[in-house]
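Input: a single structure, listed below in structure tokens.
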Amino acid sequence: MLQYFLVVKNVENFDLNRFFKVLWNNKVYIALILFLFIVIGYFYSYYYVTPMYSSSATVVLVQNEELEQELAFDSAITRK
């Protein structure tokens with residue numbers, strides 16, 4: 001599979017060109033492994049794990065201008 005094995009003995013002797021060449025030559029294997037883990041993660045999260053959290057929101061439409069200004073003022077104070 002992999003043609004090269006990188007062993008870093010000394011940081012000063014680390015060859016970036018060789019490192020990127022190894023990555024480039026094995027890009028198909030890297031992409032397949034990445035795709036495999038994405039698929040496994042999808043099936044695990046969609047079919048196996050039950051959701052622990054939920055959220056909901058309530059939207060209040062105000063037609064009274066005085067009440068609208070009061071709500072805007074209250075929300076501006078609480079946003080600190």
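The values are calculated or read from the model by the stated rules, or taken from the named source; none is laboratory data. Every value quoted in this text rests on a predicted model; they were computed, and no experiment measured them. All Cβ positions, glycine included, derive from the backbone under ideal geometry; neighbour counts span all protein chains shown.
Annotations
- Cβ-Cβ distances below 7 Å connect no pair with a first residue in region 30-47 that is surrounded by 10 or more Cβ atoms within 10 Å (Cβ to Cβ) and at pLDDT below 95, a second residue that is in a helix (DSSP H, G or I) and among the aliphatic types (A, V, I, L, M), and a separation of six or more residues or different chains.
- Some residue of region 57-77 being exposed (fewer than 10 other Cβ atoms within 10 Å of the Cβ), at pLDDT 80 or above and either assigned to a helix (DSSP H, G or I) or in contact with a strand residue (DSSP E or B) (Cβ under 8 Å, 6 or more places away or on another chain) (or both): no
- Residue match in region 3-20 (condition: surrounded by 10 or more Cβ atoms within 10 Å (Cβ to Cβ) and modelled with pLDDT under 70): yes
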